[in-house]
1. What helices (runs of 4 or more DSSP H) completely inside the range 48-129 contain at least 3 residues that are charged (D, E, K, R)?
2. Hey, could you check the range 129-143 for residues that are away from ligand 2 (no atom under 11 Å from the Cβ) and among the β-branched types (Val, Ile, Thr) and say which is farthest from residue 153 (Cα to Cα)?
3. Can you tell me how many residues within the range 23-45 are over 17 Å from residue 197 (Cβ atoms) and away from ligand 2 (no atom under 16 Å from the Cβ)?
4. Just the residues that are open to solvent by less than 40 Å² (accessible area, probe 1.4 Å), more than 16 Å from ligand 2 (Cβ to nearest atom) and either in a loop (DSSP other than H, G, I, E, B) or of a type in the set (S, T, N, Q) (or both), please, taken from the range 169-215.
Amino acid sequence: MKTYILPSLLAADFGNLAGGAVLAEKSGADELHLDIMDGHFVPNISMGPDVVQMSTNTISIPRNVHLMLTYPDKYVEKFADAGASSIQIHVEADCDIKACLEDINQRGIKSGITINPDTAADAVFEYLPLVDEVLCMSVHPGYGGQSFMPNVLPKLKAIRLKANELGLDDLRIMVDGGINRETAVECARMGANAFVAGTFLFKSDDMAEEIENLRKSTELDYGKGLLTT
Ligand code: DX5
Ligand code: ZN
């Protein structure tokens, strides 16, 4: 199974975000992950469409835009216009989730549904046929640098098994929060095939080497935990 590695720009030097985007691309990242926070859905405020536009102007790898917004439906157009390659909304958001995902899809952009640590896996099942990816939070969203929450592991497995049952073989299952060498492999075993990592990659001495290691180890162990009950 091919796996995807996405550095999160939230952990880059905010005095040089363009440099952070370039570093991710040059280090072999598959995509750049951008965390958008509104100070309402989550207690923090991060970046807006202008930072996505800057990334679009600076790098050619896809921009994976994670909307931590109470009303994501009101901002899809702005982020699409800024060059988002995929837009992920939370299942806990206050909007018509299905209509919002359809809006994203109609713009020719990949769509994703995101699920918080305290939400049960089956909350996203009805949206699986509508999306390209599911983003499973392994921390409470809002801040980088938090510790991985292992309660995401059975959730990854439940979503991957459901996707298999529905014949959705191309569905990407992503995990976000506290990802490092060890936690990435644990998630891969349970069916995750895309990994967002902020602190681990941006604070490493050699991002390219760490990306390559993450890719190899997750491809090797992908799905090994799906066979056991
Ligand atoms: C958290 C964000 C994450 C964050 C991950 O709200 O959604 O993408 O940047 O950061 P690390 O890898 O440092 O946990
Ligand atoms: Zn994120």
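1. Of the helices (runs of 4 or more DSSP H) lying wholly inside the range 48-129, those with at least 3 residues that are charged (D, E, K, R) span 76-81, 97-106.
2. The selected residue is 131.
3. 1
4. Across the range 169-215, the qualifying residues are 171, 191, 193, 204.
The values are calculated or read from the model by the stated rules, or taken from the named source; none is laboratory data. All values reported here derive from a predicted model rather than from experimental measurement. Every residue, glycine as well, gets a Cβ built from its backbone with ideal geometry; the counts of neighbours run over all protein chains shown. The area values use the complete protein model at the heavy-atom level, side chains included, leaving out ligands, DNA and RNA. Shrake-Rupley method; radii C 1.70, N 1.55, O 1.52, S 1.80 Å.
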